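Only one structure is covered here, and it is reproduced in the block below.
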Amino acid sequence: MTARANRWLEDVALQGEVAGGRRDASKRSVTVNRLESPLGWLRARGHVTERQYSAGEKLRCDWERAQLGSRITMRWDAMPASRDRSRSSAPDLGAGALDAKRRFEEALIEAGPGLGDILWRIACAGEGMRDAETALGWPARSGKLVLTLALDRVADYYRIK
């Protein structure tokens with residue numbers, strides 16, 4: 001394994017402390033790739049199919065192309081020449097970004113009411129399943145079923161076989 005790959009991986013002890021420099025045999029540990037997306041994690045463990053994963057990745061790609069994420073840096077583009085405050089401060093999107101925004105919005109509509117929330121949180125925002133379920137006020141282990149339904153509908157929208 002390369003040094004770069006080692007930096008990506010983090011050994012996380014799930015229970016207990018290391019006693020006397022040795023791990024207790026009754027305790028578990030797991031290697032976690034912190035750069036893996038929640039959707040990729042679900043696919044790697046067989047909780048979503050390849051078709052569902054592709055639909056989620058396509059949705060995330062459209063979300064990023066449409067520049068729908070929050071800005072975390074200052075805008076460095078030039079200020080408008082006029083001081084007319086009636087102008088919108090929305091970013092000037094190109095044709096590709098507008099198409100991506102349209103596809104993203106249509107895909108969420110296709111997912112259905114109530115399903116877009118979990119879909120956006122997991123596929124686009126990168127929240128973990130537990131965090132998404134908590135934020136939505138859902139019971140534990142209910143998000144996976146709802147997410148798979150939403151991903152199937154989005155896969156139909158994108159015509160993924």
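Every number in this text was worked out from the coordinates using simple rules, so none of it is lab data. Keep in mind that what you see is a predicted model, and the values were worked out from it rather than measured. Cβ atoms come from the backbone with ideal geometry, glycine included; neighbour counts cover every protein chain shown.
Values as computed for the structure displayed
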| item | result |
| --- | --- |
| Charge sum, other residues only, whose C-beta stays under 10 Å from residue 135's C-beta, Lys/Arg counted +1 and Asp/Glu -1 | -2 |
| Pairwise label distance in nanometres, residue 109 with residue 47, each label 7 Å out on the Cα-Cβ vector | 3.1 |
| Additional length obtainable on full extension of the chain from residue 36 to residue 99, 0.36 nm per residue less Cα span | 19.9 nm |
| Straight-distance crosslink candidates among lysines, where the alpha carbon sits under 26 Å from residue 161 and sequence neighbours closer than 8 are dropped | 58, 101, 144 |
| Cβ-based net charge around residue 48, under 13 Å, with every Lys or Arg adding one and every Asp or Glu removing one | +1 |
